[in-house]
Amino acid sequence: MTTTALTHPVRVLAAPGLRHDEILTPAALDFVGRLAEAFVSRRRDLMKERRRQVLRLASGSPLDFPMVTSAVRDDPTWRVAPPAPGLTDRRVEITGPPDRRMAVNALNSGAKVWMADFEDATAPTWDNIIGGQLTLLDAIERRIDFTTPDGKEYRLGDRLATIMIRPRGWHLDEEHLTYDGRPVPAALVDFGLYFFHCAQRQIAAGYGPYFYLPKLENRYEARLWNDVFLLAQELLGLPRGTIRATVLIETITAAFEMEEILYELREHSAGLNAGRWDYLFSIIKTFGHRTDFLLPDRAKVTMTSPFMRAYTELLVRTCHQRGAHAIGGMAAHVPGKDPTTNEAAFAKVRLDKEREAEDGFDGSWVAHPGLVPVCREVFDSVLADRPHQLDRTRDDVEVTAADLLSIRRISGPPTPEGLRTNIIVALRYFAAWLRGKGAVAIDGLMEDAATAEIARVQVWQWLRHRVVDRETVLRMLDDEIVALGAEYPYAPVDEIRGLFERNTLVGELPLFFTPDAYARHLVRRLEGAA
């Protein structure tokens, strides 16, 4: 790596933690600083453009496939790079936070890929972020085995899932690291620390540094990531194209630029993924002011809804016509102790995965090791000994802008049960997040930041259009805060309620709850460390 001095060094504002010095080495911080020096300004401009786009769409500007990039879409000749080692067969992928227990269980689960999630499934405490980097380093070095105090052993087996990393989105800052007096973008921290410590190790193991890119809204944000990859590879002396990344199509604007996103990342592309809950969250954020985008209870918005079918079929067609993997959405059920309940949950998961496999997806996500066999069995029945079905180019699919925006066909008022469920999910997830848990099982489903976001913005949307009244919401909020306090006597219920009110019971919808929660949670930690 170049030895030219940085204009500004990266500063660590947090107190030292156990083994943190193994990750926060001077060379690693210098690497992150070089990424910040090169890209902070562009990232800032792109975040301003996000806000301008929100205003344009709110003022009535139509959303359509960009005319200026029609040449990219009309050119039949370009393709993305061929699958990288360990990413040819992706029929089952498991996701979860990068803690040690999850790492061992996920790597041993029988899934083809483990996505270690620093974003939706991780509450970004400093210990979680640096601890997650240590987990990945230890897993790659095969020194992660451990025994719990009650004697339960966690040991890596011989056949492990391929590791992919999901860094935090472009919208988030990492307040514990500063460059030129400002927080470093969290995406560059998560990517940079992992890439610096693990890229060469993964190559030596026969794989490579692989990533999932969350919450992209357009081709320019994909181009920024591609330039980050180019610089990172240059700094460490790795060939172009060593990095591979799958983009989650989980915003409505990105759905209109799938081909452009693949094109921008084509030498680094590992396909696209259908991020269903963030996608619904994005639709409400983007069009929540319009009555024709009023969504019913979350449970009623299934993947067979016309606009969701359009989105997923377009994704498969786009990917396969460009030689890229198409990865399906999350199965969030958490197996419990009741066989009857499990049987019903597994049946729903099976139907969901059968639809994806029949539509042409090359694999899909699960949130729990217990669902891996169900997903694998479904895709095995379609793929057999083939690693994917890229040959299914889905020439039969034709999707228009109107198809992607055909929300009205399933719009409808919420039920009291749906309203209460959203309040429960939001409150209980906030409670878990504030105590450092980014993924939590609630009523048999693994909830993360994406599902908490859809829960709170649905309540906001229903209030805005007066399909529920504020008094009903406040009454249910009171009830569930009392229930939460009774179940968890030490829960900071006032802080949890305040987080809900600031991000839900307001006129102008905050685009994400996490910056507010992070900043307020972080201040106490930094003050305690000072």
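Per-structure values
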| quantity | calculated |
| --- | --- |
| Cβ charges +1 (Lys, Arg) and -1 (Asp, Glu), total dipole of the chain, debye | 400 |
| Span from the the stretch 205-284 Cα centroid across to the the stretch 285-331 one, whole angstrom | 18 |
| Which of 374, 389, 410, positive extreme of dipole for the stretch 359-431 (C-beta unit charges) | 410 |
| Dipole-positive endmost among 60, 160, 46 within the stretch 36-182 (Cβ charges, Cα centre) | 60 |
| Antiparallel bridge percentage (DSSP; both residues within the chain; nearest 5) | 35 |
| Dipole of the chain [Lys/Arg +1, Asp/Glu -1 at C-beta], most positive-end residue of 507, 17, 440 | 507 |
| Over the stretch 359-432, equivalent-ellipsoid semi-axes from the Cα gyration tensor in Å | 33, 24, 10 |
| In the stretch 398-470, the GluC sites (Glu not before Pro) that fall in loop regions by DSSP, at most 14 other Cβ within 10 Å | 398 |
| Over 24 Å between alpha carbons, listed pairs 48/215; 48/285; 48/437; 152/437; 215/285; 112/285 | 48/437; 112/285 |
| Net charge of Cβ neighbours under 12 Å - reference residue 361; Lys, Arg +1; Asp, Glu -1 | -1 |
| For the chain, average projected area of the Cα convex hull in nm² | 24.1 |
| Apportionment of accessible area to carbon and sulfur, the chain, percent (1.4 Å) | 52 |
| Three-way shape call for the stretch 271-425 based on the alpha-carbon gyration tensor, with the a/c threshold at 1.5 | oblate |
| Computed Rg/Rh of the stretch 1-78, alpha carbon atoms with Kirkwood Rh | 1.21 |
| Under the span-like rule (Cα at least 24 Å along the axis, Kyte-Doolittle mean at least -1.0), DSSP H helices of the chain | 26-58, 186-204, 219-236, 416-434, 470-487 |
| Accessible area per residue in Å² at 1.4 Å probe, computed on the chain | 40 |
| Per-residue HN-Hα couplings for the stretch 164-180 [Karplus 6.51, -1.76, 1.60; θ = phi - 60°; Hz; x = Gly/Pro] | 10, 10, 9, x, 5, x, 4, 6, 9, 9, 9, 6, 7, 10, 10, 10, 6 |
| Mean Cβ neighbour count within 10 Å, used as a protection proxy, ranking 62-71, 507-516 highest first | 507-516, 62-71 |
| Accessible-area ranking of 311, 490, 179, largest first, probe 1.4 Å | 490, 179, 311 |
| Shape of the stretch 237-362, Cα gyration tensor, a/c cut at 1.5 | oblate |
| Three-way shape label, the stretch 143-289, alpha-carbon gyration tensor, a/c 1.5 | prolate |
| Reachable aspartates and glutamates from residue 300, criterion Cα separation under 15 angstrom, eight or more residues apart if same chain | 352, 417 |
| Helix-only CD estimate at 222 nm, as mean residue ellipticity for the chain, using -39500 (n - 2.57) per DSSP H run (n ≥ 4) | -15500 deg cm²/dmol |
| 390, 371, ranked by accessible area, largest first (probe 1.4 Å) | 390, 371 |
| Test item: Cα-centred dipole of the stretch 381-497, Lys/Arg +1 and Asp/Glu -1 on Cβ, debye | 260 |
| Alpha-carbon centroids, the stretch 430-500 and the stretch 14-58: separation in whole Å | 29 |
| Equivalent ellipsoid semi-axes, the stretch 458-498, via Cα gyration tensor eigenvalues times 5, rooted, Å | 24, 10, 7 |
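The values are calculated or read from the model by the stated rules, or taken from the named source; none is laboratory data. Remember, it's a predicted structure, so these values are computed and weren't measured experimentally. Cβ atoms come from the backbone with ideal geometry, glycine included; neighbour counts cover every protein chain shown. Keep in mind that these areas ignore ligands, DNA and RNA; they rest on the heavy atoms of the full protein, side chains included. Shrake-Rupley method; radii C 1.70, N 1.55, O 1.52, S 1.80 Å.
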